[in-house]
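Structure first, commentary second.
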Amino acid sequence: MHFALRTSERAAAPVRRYDQQRGLANAANPVCFCGMRATVILGPLKTMNGWRLSAVLLVTGLTCAGAPPPLTIVTFGDSTTAERPGFTVYSQILEQTLPGRLHEPVRVINAGVRGNTTADAAKRFAHDVLAVHPDLVVMQFGINDATIDVWKKPPATEPRVVLADYLANLRRFIAGVRAQGGKVVLMTPNPLRWTPQLVEMYGHPPYNADDPDGLNINLSHYAAAVRELAAQTGVPLVDIWHAYETWQGGAADPLVADGMHPNQRGHELVARLLTQTIIEEQLSSRAPAP
């Protein structure tokens with residue numbers, strides 16, 4: 001980018017900076033072009049028609065001096081959080097809509113990994129969450145933790161992560177984020193619905209394929225435990241389980257794409273509830289968490 005300002009006399013010796021809105025500016029104030037921190041250095045240039053001021057743009061960073069960094073949100077979860085082809089997941093919706101609602105820049109990092117239990121997530125917690133130093137972490141686990149793999153030979157009789165360990169892992173996640181001054185939102189898992197494929201794999205005790213809620217026989221306890229944990233730790237809760245079960249009079253089926261994962265309508269509902277919680281709980285504030 002180049003600015004050339006004509007002047008009738010030789011420019012003063014000290015190098016000055018140019019601000020598009022204020023003209024020549026104090027040397028201590030850089031210029032901001034579309035979120036980039038930049039310096040425009042002006043100096044004398046001899047031409048056939050007289051002296052001109054020649055401007056050189058130096059990009060020195062991605063954020064204007066004095067401008068706050070974006071609010072950084074990490075969505076930490078399993079495949080109900082991870083990006084999915086054909087869907088705009090709730091993390092993407094938040095990044096698109098929150099800046100306008102909060103009146104500040106927002107960066108949302110999707111740290112959802114398919115198939116993850118809280119035990120799996122613990123192995124990547126430091127890298128995927130703490131290393132980012134987020135202002136807010138949204139946590140949603142449980143479906144994989146609570147699953148009993150009755151399709152295996154011999155069939156499993158215990159969940160992949162027992163309830164006590166599931167809660168201990170969530171407590172460690174909460175403590176780790178708070179130790180850095182970040183805030184946390186807990187979300188209950190969404191309820192599941194039978195599909196022919198799920199009946200084939202999981203239609204055996206303790207699951208009950210004859211009961212519309214028979215796939216949730218263990219998961220419901222994990223959802224209840226998240227509610228209790230949120231109350232005990234003072235963490236805001238978004239009760240996705242309750243929201244799905246009571247949607248339009250009590251029909252979660254239209255909110256899941258394959259019996260497990262939210263469809264587009266489901267993700268939009270999650271994003272809406274999260275936005276409401278972030279605003280009501282003032283979680284966009286940069287003040288330290290309690």
Considering only segment 140-157, I want to know if a residue exists there that is β-branched (Val, Ile, Thr) and not in a loop (DSSP other than H, G, I, E, B).
yes
Which listed residue, of Asp128, Asp135, Asp78, is at pLDDT 95 or above, out of contact with any helix residue (DSSP H, G or I) (no Cβ under 9 Å at 6 or more places or on another chain) and surrounded by 15 or more Cβ atoms within 10 Å (Cβ to Cβ):
Asp135
Restricting to segment 82-112, name every residue that is in contact with a strand residue (DSSP E or B) (Cβ under 8 Å, 6 or more places away or on another chain) and farther than 19 Å from Leu269 by Cβ.
Pro99, Leu102, Glu104, Pro105, Val106, Arg107, Ile109, Ala111
Matching residues in segment 186-217 (surrounded by fewer than 21 Cβ atoms within 10 Å (Cβ to Cβ) and under 30 Å from Ala175 (Cα atoms)) number 1
Give the residue, chosen from Arg107, Arg101, Arg114, Arg124, that is assigned to a helix (DSSP H, G or I), among the charged types (D, E, K, R) and either in contact with a Pro (Cβ under 8 Å, 6 or more places away or on another chain) or in contact (Cβ under 8 Å) with a residue 24 or more places away in the chain (or both).
Arg101
Wholly within segment 176-269, helices (runs of 4 or more DSSP H) carrying at least 2 residues that are of a type in the set (A, V, I, L, M, F, W, C) and either more than 18 Å from Asp145 (Cβ to Cβ) or under 23 Å from the mean Cα position of the chain (by Cα) (or both):
219-233, 240-245
Of (1) at negative phi; (2) in contact (Cβ under 8 Å) with a residue 24 or more places away in the chain; (3) surrounded by fewer than 23 Cβ atoms within 10 Å (Cβ to Cβ), Tyr166 satisfies every one except (3)
Condition check: touching a residue at least 60 places away in the same chain (Cβ under 8 Å), buried (at least 17 other Cβ atoms within 10 Å of the Cβ) and not hydrophobic (A, V, I, L, M, F, W, C). Does Pro236 satisfy that?
no
Would you confirm whether or not segment 86-96 contains a residue that is part of a helix (DSSP H, G or I), surrounded by fewer than 23 Cβ atoms within 10 Å (Cβ to Cβ) and of a type in the set (D, E, K, R)?
yes
Yes or no: segment 219-228 includes at least one residue that is in contact with a strand residue (DSSP E or B) (Cβ under 6 Å, 6 or more places away or on another chain), surrounded by 21 or more Cβ atoms within 10 Å (Cβ to Cβ) and over 25 Å from Val256 (Cβ atoms).
no
Selection from segment 111-124 of residues that are surrounded by fewer than 21 Cβ atoms within 10 Å (Cβ to Cβ) and either under 15 Å from the mean Cα position of the chain (by Cα) or of a type in the set (A, V, I, L, M, F, W, C) (or both):
Val113, Ala119, Ala122
Pair list, Cβ < 9 Å and 6+ apart or interchain, from segment 274-290 residues that are over 10 Å from Arg101 (Cα atoms) and of a type in the set (Lys, Arg) to residues that are at pLDDT 90 or above and not in a loop (DSSP other than H, G, I, E, B)
Arg286/Leu71
Just need a number here: residues in segment 127-139 that are in contact (Cβ under 8 Å) with a residue 12 or more places away in the chain, aliphatic (A, V, I, L, M) and part of a helix (DSSP H, G or I).
2
Consider Pro134 carefully, then state whether it is touching a Gly at 6+ places or on another chain (Cβ under 6 Å) and more than 18 Å from Ile217 (Cβ to Cβ).
yes
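The values are calculated or read from the model by the stated rules, or taken from the named source; none is laboratory data. Fair warning: this is a prediction, and the values are worked out from it, not measured in the lab. Backbone-built Cβ (ideal geometry, glycine too); neighbour counts: all protein chains shown.
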